[in-house]
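Heads up, the thing below is written out as structure tokens.
The values are calculated or read from the model by the stated rules, or taken from the named source; none is laboratory data. None of the values given here were measured: they were computed from a predicted structure. Heads up, the Cβs are rebuilt from the backbone with ideal geometry, glycines too, and the neighbour counts pull from every protein chain shown. We work out accessible area using only protein heavy atoms, side chains counted, and drop any ligands, DNA or RNA first. Shrake-Rupley method; radii C 1.70, N 1.55, O 1.52, S 1.80 Å.
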Amino acid sequence: MKHALSSGCAAAALLVALAPVSAVAEDVTALPTVTVTASPEPFSSSLGENDLADAATARPDAARLLLNLPGVSLATGGAISSLPSIHGLGDDRVRVTVDGMTVTAACPNHMNPPLSYIDASRIGSIDVHAGLSPVSLGGDSIGGTIVVEPPAPRFATEAEKVLTAARLTTAYRSNGDGLSISGDTTVATPDFSMSYAGSWARTLDYEGGGDNRTVYSTESENYDHNLTLALRRGGDQFTLRGGLQYTPYEAFPNQRMDLTDNESQYLNGRYEGDFDWGTVDARAYWRHVEHEMDMLEDKGGAMPMNTRATDLGYSLTAEVPVGEADTLKFGTELHDLSLDDWWPPVAGSMMMGPDTYENINNGSRTRIGTFIEWNARWTPAWSTQLGLRNDIVTMDTGEVRPYSWTSMMQAADIAAANAFNAMDRSRTDVNFDLTAIASYEAGPGATYSFGYARKTRSPSLYERYSWGEGHMATAMNNWYGDGNGYIGNIDLDPEVAHTVSATGDWTGGGVWQFKVTPYLTYVEDFIDADDTGRRFGPGSQFVVLKFANHDALLYGVDVSGSLALARGASFGDLDLSATAGFVKGENRDTDDDLYRIAPLNVRLALQHRLDDWSNGIELVASATKSDVDDARREPETSGYALVNLKTAYQWPGVRLDAGIDNLLDQRWYDPLAGVDFATFKREGGTIGALEGEGRSFNIGLTFTY
């Protein structure tokens, strides 16, 4: 009843807010049809506004849009909180910016990652830079960079004088009874623009394939409201954005805890200037998050956990032409995080009381970076990019305390807190990054690129400062979805990754395209986890691990291509596209496989378009995952092949989308989703892998004005 009431109120509220609005369409299939467009960077891929026009789905997880790009995989979390991985390096190892903002997952379970703060319907472009990312896109990451931007502000033409536009979309998904509403409206003159974008989405627990078993703890609800003001004069443009995001609940099937409240506010300003000598791009931002966890109905129990965090920062970049064909880009960046993580006592509990457990007290992490990047064209065929970057990261935290200083049940945490409080907890890392890329255009249809990158990432607050050593405390500091417990390590060194990669990109007269990118990354001081020898839980199925530095090796290849099968006025256009990825990762010190490494996977899509009618059939296939992290007791998963269908028709101002996900209702298990802790808690037995979503019938309707 709670879900039904909140759903109705949310739908009514958004419809009232957008009453004068009409809308464009959201594609309600799980994986939208997109075209991977060429990017100025040879080791990157992009989704633009045209690619994303039908990409807002009934499942509002913006990270799912990335699955169409080579080299990207997702670690499943809650309904809007998947964690992207590039070439086997995920989560904090990938730098994700949302509208220029660096956003930290303010949660010991990473339930609110950066992409959970933008609805899929509000994305204007996505750029993914794998491995050899330019130093100008930021440091403190080793896997790559994901840049997500909302649509640019719209202005009226001089002839129009005043521009008014609006969109309203509603979509329904049968599996999980998912319902979403999103919309935006704009009023603009040639010099001033004002727009609002809002969304609401709700889903209940979904059912798996085959026997339609309920997959518990997969429900969620989310609200998003955003206002944009923009002013331009000549070559200058000022943009100010602000917004509120509220998630009243989001369950996590692979975690002990669920999200029970997440409230966030942000303010973001940007200045873009075009001068005779070059361009300037300056941003400043602030985001505050109040986050609460506990256990929703599917899991039962009570254990409140709270986090408060503030991200603030700026970036300043200038680009100057040098000679006729070269450019020099240089700048500076600041990101400051303040975070408190505390667990209130539970009345009447001897284990969780009588005091408040302080997991991170007055934690701070500040990074200031500078960079210089030279893009040169030596001949019509040869070009290079050379970049150097320095980041200084300072971290500290205050003294902490367990639930009790006297209880024998808290002995491990009492000893750990005393030892932690006696330490000098401040740390400073001085990091250097380097990127060097060369590209050769062999002819109109062939381009070859190769390069090297040195990338550095400092540990997170949770990796360094999660001090608790009792079984319950360690189990609460877990963003891996494996049910285990983790202990921080204040003496961790930064990770340093050395990546070499090459790419060949061939095209044939606009009829076909083929691209292959092999890569190899060696990581010094990779932050993995060592088995402490301690076990806990029913049947001692779970392990207590401690973060530790090791060396790691990752290697693999990405392949993508497209082929125009037919062009004709009567039949329409028929196109085939494909992506495939393989990656292998291993700990060189222990010879164990790295955690959450995706097995060989392939995506094939056959797309048809005839005037205003479009159709698609997609095959998503994965090999068996048998290379697993033994230390974490990562589950193996079987291979699978899923078929998705979709169709859409566009009338003037109206679009209808329909589709079927997992057409054959296959039972499958997500190789990167971790364990099904929710079912394990309800039914006991041996914990297993998390089951994926069964068949779903989807429909969406969009109005535009």
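Taking +1 at the Cβ of each Lys and Arg and -1 at the Cβ of each Asp and Glu, which of HIS291, VAL511, PRO60 sits farthest along the dipole of the chain towards its positive end, judged by Cα position relative to the Cα centre? Among HIS291, VAL511, PRO60, the one farthest towards the positive end of the dipole of the chain is VAL511. Taking each residue as 0.36 nm, the span from THR532 to ASP191 lengthens on full extension beyond its C-alpha to C-alpha distance by 116.5 nm.
Remark: the range 328-342, residue by residue, has Karplus-estimated 3J(HN,Hα) of 10, 10, 8, x, 9, 8, 10, 9, 10, 10, 10, 8, 10, 9, 9 Hz, where x stands for each Gly or Pro and the curve is 6.51 cos²θ - 1.76 cosθ + 1.60 at θ = phi - 60°.
Cα centroids of the range 220-253 and the range 447-491: 29 Å apart.
Sites listed here are trypsin sites (Lys or Arg not before Pro) in the range 89-193 whose DSSP assignment is loop and whose Cβ has at most 11 other Cβ atoms within 10 Å: LYS161. Percent of Cα pairs in the chain per distance bin of 10 Å, from zero to the largest separation: 3, 14, 26, 28, 20, 7, 2, 0, 0. Close amide-amide hydrogen proximity is noted between LEU163 and ALA156, ALA188, THR189, each under 5 Å apart and 5 or more residues distant or on a separate chain (H modeled in the peptide plane; Pro and chain starts excluded).
Per residue of the chain, the DSSP helices (runs of n ≥ 4 H) give a summed -39500 (n - 2.57) that works out to -2000 deg cm²/dmol at 222 nm. Taking the Cα centre of the chain as origin and assigning +1 to Lys and Arg Cβ atoms and -1 to Asp and Glu Cβ atoms, the resulting dipole is close to 740 debye.
Compute the signed sum of charges (Lys and Arg +1, Asp and Glu -1) over the other residues within less than 13 Å, Cβ to Cβ, of LYS681. Intermediate results must be reported in sequence, preceding the final value.
Values: positive: ARG256, LYS299, ARG682; negative: ASP258, GLU297, ASP298, ASP676, GLU683.
Counting the neighbours of LYS681, the net charge comes to -2.
With θ taken as phi - 60° and the Karplus curve 6.51 cos²θ - 1.76 cosθ + 1.60 applied, the whole-hertz 3J(HN,Hα) list for the range 97-114 is 10, 10, 6, x, 9, 8, 10, 9, 5, 8, 5, x, 10, 6, 7, 10, x, x Hz, x standing for glycine and proline. Note on the chain: dipole from Cβ charges, positive end direction compared against ASN359, SER73, SER466; the farthest Cα belongs to SER73.
In this Cβ point-charge picture (+1 for Lys and Arg, -1 for Asp and Glu), the range 503-579 has a dipole of about 280 debye about its Cα centre.
Length gained on full extension, TRP277 to LEU610: 115.2 nm, using 0.36 nm per residue less the C-alpha separation. With viscosity 1.002 mPa s and temperature 20 °C, the Kirkwood radius over alpha carbon pairs of the range 141-241 converts through Stokes-Einstein to a diffusion coefficient of 128 µm²/s.
Sorting check: for 217-230, 343-356, 245-258, which peptide has the highest mean count of neighbouring beta carbons within 10 Å, and how do the rest follow? Working shown, then result.
Details: 217-230: 21.9, 343-356: 15.5, 245-258: 24.1.
In decreasing order of mean packing, 217-230, 343-356, 245-258 become 245-258, 217-230, 343-356.
Close amide H contacts of ARG213 (hydrogens built in the peptide plane, cut-off under 5 Å, sequence separation of 5 or more or a different chain): GLY208.
Considering only PHE582, LEU168, GLY301, the residue lying farthest towards the positive end of the dipole of the chain is LEU168, judged by Cα position with unit charges set on Cβ.
The peptide list 472-481, 182-191, 569-578, put in order of mean Cβ contacts within 10 Å with the highest first, becomes 472-481, 182-191, 569-578.
Per residue, how big is the convex hull of the range 126-173 when only Cα atoms are used? Give it in Å³. Please report the intermediate quantities before stating the final value.
Working: hull volume 7.5 nm³, N = 48.
Normalising the Cα hull of the range 126-173 by residue number yields 157 Å³.
What does the charge count around SER349 come to, taking other residues whose C-beta lies under 15 Å from its C-beta (Lys +1, Arg +1, Asp -1, Glu -1)? The answer is -3. Among the listed pairs LYS329/LYS455; LYS299/LYS646; LYS161/LYS329; LYS515/LYS646; LYS161/LYS646, which are separated by more than 28 Å between their Cα atoms? Exceeds cut-off: LYS299/LYS646; LYS161/LYS329; LYS161/LYS646. Grouping the Cα pair distances of the range 236-376 into 10 Å bins from zero gives a pair-distance distribution of 10, 26, 25, 17, 13, 7, 2, 0 percent in increasing distance order.
Kindly provide the chymotrypsin sites (Phe, Trp or Tyr not before Pro) of the range 630-679 that DSSP labels as loop, not H, G, I, E or B, and whose Cβ sees at most 11 other Cβ atoms within 10 Å.
Numbers: sites: TYR640, TYR649, TRP668, TYR669, PHE677; in loops: TRP668.
In loop regions of the range 630-679 (DSSP not H, G, I, E or B), there are no sparsely surrounded chymotrypsin sites (Phe, Trp or Tyr not before Pro).
Quick check for you: with a 1.4 Å probe and neighbouring chains kept, what is the accessible area per residue of the chain, in Å²? Before the final figure, lay out the partial values.
Details: 26950 Å² over 705 residues.
So the chain comes to 38 Å² accessible per residue, rounded to a whole number.
Quick one: go through the range 413-447 and flag any residue whose amide nitrogen is under 18 Å from the point 7 Å out along the Cα-to-Cβ line of ARG377. Those under the cut-off are 437-447.
Relative to the present Cα-Cα distance, how much length would full extension add between HIS225 and SER638 at 0.36 nm per residue of separation? Walk me through the numbers before you get to the answer.
Numbers: separation 413, 0.36 × 413 = 148.68 nm, distance 4.06 nm.
Full-extension gain reported as 144.6 nm.
Based on the Kirkwood approach, the hydrodynamic radius assigned to the range 498-597 is 17.3 Å, with every pair of different Cα atoms included. In straight-distance terms, cross-link reach from LYS546 covers every one of the aspartates and glutamates whose alpha-carbon lies under 15 Å from its own, apart from those fewer than eight places away in the same chain; here that gives ASP413, GLU463, GLU469, ASP482, ASP491, ASP493, ASP525, ASP528, ASP530, ASP531, ASP629, ASP630.
In a simple Cβ point-charge model (Lys, Arg +1; Asp, Glu -1; nothing else charged), the range 382-456 has a dipole of about 80 debye relative to its Cα centre.
The listed peptides 555-567, 271-283, ordered by packing as a protection proxy, come out as 555-567, 271-283 (highest mean of other Cβ atoms within 10 Å first). Under 5 Å between amide hydrogens, built in the peptide plane, is the criterion, and for TYR249 it picks out GLU221 among residues at least 5 positions away or on other chains. Converting phi to 3J(HN,Hα) with the Karplus coefficients 6.51, -1.76 and 1.60 and the offset θ = phi - 60°, the range 504-515 yields x, 10, 10, 9, x, x, x, 9, 9, 8, 9, 9 Hz in sequence order, with x at every glycine or proline.
Summing +1 for each Lys or Arg and -1 for each Asp or Glu, what net charge is found among the other residues whose Cβ lies under 11 Å from the Cβ of ASP140? If you can, show how the numbers build up before the last one.
Numbers: positive: ARG93, ARG95, ARG365, ARG367, ARG389, LYS455, ARG457; negative: ASP92, GLU333, ASP391, ASP429, ASP433, GLU495.
Value of the local net charge: +1.
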